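S.K.: First the structure, then my questions, so here it is.
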Amino acid sequence: MPGGVNSPVRACLRTGVAPRFVTAAKGSRIVDAEGVEYVDFVGSWGPAILGHAHPAVVAAVREACGQGLTFGAPTARETELAELVRTLMPSMEKLRMVSSGTEAVMSAIRTARGFTRRDDVIKFAGCYHGHSDGMLVKAGSGALTHGEPDSAGVPADVARHTLVAEYNDLASVEAIFAAHPDSVAAVIVEPVAANNGVILPAPGFLAGLRELTTRYGALLVFDEVITGFRLALGGAQAYYGVTPDLSTLGKIVGGGLPAAVYGGRADVMAMVSPEGPVYQAGTLSGNPLATAAGIATLSILREDPDIYRRLAEKGAALAEGLRRAGRGRIEVTQVGSLLGIDWHGDDAGFSAFYRHLLACGVYVAPSPCEAIFLSDAHTREDLERMVQAAEGFFSRARR
């Protein structure tokens, strides 16, 4: 395996330590191959909103296993999950299940292009939408510059159809539309940019995107792979009160198993094969184990009216504790159960902090760009453990 891992950040190259190989997880804790237990603030990069191995989710998957692992045929459970998603997120009038967030975004963009009969897509610098060719681009010297490949193997002819604007800067988006009034199929955005730290949308930013896309005949796509069911039952679109044309969901929607969804307006999704000419398929799409886990997870979130209040309170408490511990050296952003720490480009400081947390039995993502994820399983003691570890680190650093 390249780097010994199956996803690059897991190699921990920015931290100066070897990756921890995990053997078990339960609730808010994980255990590595050496038997060391950690309080986990990664949560499999977001899916574990209920905590690891929630009994009801595990029971649902076990029952599904007994009925067969995969069929490659429609199942009633797929329809049940689709109806549940549509109920919780009304903008998803029609949807299609896939196996990863990257696949969901790739398919949503293809659908938007098919519907509008346009080729260009606007994305934002710092927003991550998976590793399909068209999304692996970075900004050029200005907002109007066509995308440049951000990975070897991405053809320039593909990247040129991705136009890069600045997050929270509506003027940069309007300038692109003005320069390309008839060629933009869609604007895709993380409602909360959560792969470049955690950057909240400025007041009016998302609503402004809604107005601009409507004015220029483009579609608005919310990438809610991270924020979907994380900020609220209806996702970031419910939290901020802005309705997109298409959405992509992942992580929580699969309850911890590989599953994702894309969907939205019925007239747009009617373009997808076999109803329309936009082709997309997947052997394991709607896998019976993933749909069982997704139904169990979303059902628990729906049936517990206090869960998002508890998660937000934990998030606020942890953010305040980390700000107090950092004493100005770091900035902490928090929305609900999603937190980000801005190290102001101090990679050495982050690496030392990461190693210190590991020594204190606290596990966070091995990159300063990644988020901290809280779950309903995290206790006050878990939060205090991280804050105390941070206080120890910053107190030592000041000496």
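The values are calculated or read from the model by the stated rules, or taken from the named source; none is laboratory data. Worth saying up front: this structure is predicted, and the values here are computed from it rather than measured. Here Cβ is always computed from backbone atoms with ideal geometry, including for glycine, and neighbour counts include all displayed protein chains. Note: areas computed on protein heavy atoms with side chains; ligands, DNA, RNA excluded. Shrake-Rupley method; radii C 1.70, N 1.55, O 1.52, S 1.80 Å.
S.K.: Along the charge dipole of the chain, pointing to its positive end and built from +1/-1 on Cβ of Lys, Arg, Asp and Glu, which listed residue (163, 225, 286) has its Cα farthest out?
M.R.: 225
S.K.: With a 10 Å radius around each residue's Cβ, average the other Cβ atoms per peptide and rank 23-29, 215-221, 384-390, highest first.
M.R.: Per-residue mean Cβ counts within 10 Å order the peptides as 215-221, 384-390, 23-29.
S.K.: Could you rank the peptides 359-367, 237-245, 96-104, 305-313 by their average count of other C-beta atoms within 10 Å per residue, with the highest value first?
M.R.: Answer by packing, highest mean first, reads 96-104, 237-245, 359-367, 305-313.
S.K.: Still on this model: In whole angstrom, note down how far apart the Cα centers of the range 1-80 and the range 247-285 are.
M.R.: 22 Å
S.K.: Then there's this: Looking at the chain, how many pairs of lysines come closer than 20 Å at the Cα, when each pair is eight or more places apart or spans two chains?
M.R.: Final tally of qualifying lysine pairs is 4.
S.K.: Can you give the accessible area per residue of the range 323-399, in Å², using a 1.4 Å probe?
M.R.: Dividing the accessible area of the range 323-399 by its residue count gives 42 Å².
S.K.: For residue 202 and residue 359 in the same chain, what is the full-extension length gain: residue separation times 0.36 nm, less their Cα-Cα distance, in nm?
M.R.: Contour length minus the Cα-Cα distance gives 52.8 nm.
S.K.: Here is a follow-up. Which order do peptides 256-265, 10-19 fall in by mean Cβ count within 10 Å, highest first?
M.R.: 256-265, 10-19
S.K.: What is the calculated FRET efficiency for residue 313 to residue 37, with r their C-beta to C-beta distance and R₀ = 30 Å, to the nearest 0.05?
M.R.: With a Förster radius of 30 Å, E is 0.75.
S.K.: Now a separate question. For Cα pairs less than 8 Å apart in space and 6+ apart in sequence, what is the mean separation divided by the residue count of the chain, i.e. the relative contact order in percent?
M.R.: 23 percent
S.K.: In vacuum, with every alpha carbon of the chain counted as one equal point scatterer, what does the Debye formula give for log10 I(q)/I(0) at q = 0.06, 0.08, 0.09, 0.11 Å⁻¹? Two decimals, please.
M.R.: The Debye formula, applied to the Cα set alone, gives -0.23, -0.42, -0.54, -0.81.
S.K.: Taking the Cα centre of the chain as origin and charging only Cβ (+1 Lys, Arg; -1 Asp, Glu), how large is the dipole, in debye to the nearest 20?
M.R.: Computed charge dipole of the chain: roughly 620 debye.
S.K.: In addition: For an R0 of 25 angstrom, estimate the FRET efficiency from the Cβ-Cβ distance between residue 80 and residue 279 and round to the nearest 0.05.
M.R.: Step by step, r from the Cβ atoms, then E = 0.45.
S.K.: What size of dipole, in debye to the nearest 20, comes out for the range 170-244 about its Cα centre when the only charges are +1 on Lys and Arg C-beta atoms and -1 on Asp and Glu C-beta atoms?
M.R.: So the magnitude is around 140 debye.
S.K.: Further question: In square angstrom, rounded to the nearest 10, how much accessible surface does residue 396 have for a 1.4 Å probe?
M.R.: My reading of the accessible area for residue 396 is about 120 Å².
S.K.: Specify whether the C-alpha gyration tensor of the range 36-122 places it in the rounded, prolate or oblate class, a ≥ b ≥ c being the square roots of the eigenvalues: rounded for a/c under 1.5, otherwise prolate if a/b is larger than b/c and oblate if not.
M.R.: oblate
S.K.: Rounding to the nearest 20 debye, state how big the charge dipole of the range 1-132 is about its Cα centre with +1 on each Lys and Arg Cβ and -1 on each Asp and Glu Cβ.
M.R.: So the dipole magnitude of the range 1-132 works out to roughly 400 debye.
S.K.: How high is the FRET efficiency between residue 380 and residue 158 when r is their beta carbon distance and R₀ equals 45 Å, given to the nearest 0.05?
M.R.: Taking R0 as 45 Å, the efficiency between residue 380 and residue 158 is 0.40.
S.K.: When ligands, DNA and RNA are left out and all protein chains stay put, how many square angstrom of accessible area per residue does the range 54-199 have with a 1.4 Å probe?
M.R.: Solvent-accessible surface per residue comes out at 45 Å².
S.K.: Okay, next question. Points 7 angstrom from Cα along the Cβ direction at residue 119 and residue 352: gap in nanometres?
M.R.: 5.1 nm
S.K.: Expressed as a whole percentage, what fraction of the accessible surface of the chain belongs to carbon and sulfur atoms when a 1.4 Å probe is rolled over the protein heavy atoms?
M.R.: In the chain, the share of accessible area belonging to carbon and sulfur is 54 percent.
S.K.: What whole-number distance in Å separates the alpha-carbon centres of the range 367-399 and the range 341-360?
M.R.: Taking the Cα centre of each part, the range 367-399 and the range 341-360 sit 11 Å apart.
S.K.: Quick one: go through the range 178-202 and flag any residue whose amide nitrogen is under 17 Å from the point 7 Å out along the Cα-to-Cβ line of residue 270.
M.R.: none
S.K.: Now a separate question. For the chain, modelled as a GNM with alpha-carbon contacts under 10 angstrom, which of 208, 66, 46 fluctuates the most?
M.R.: Fluctuation is largest for 66.
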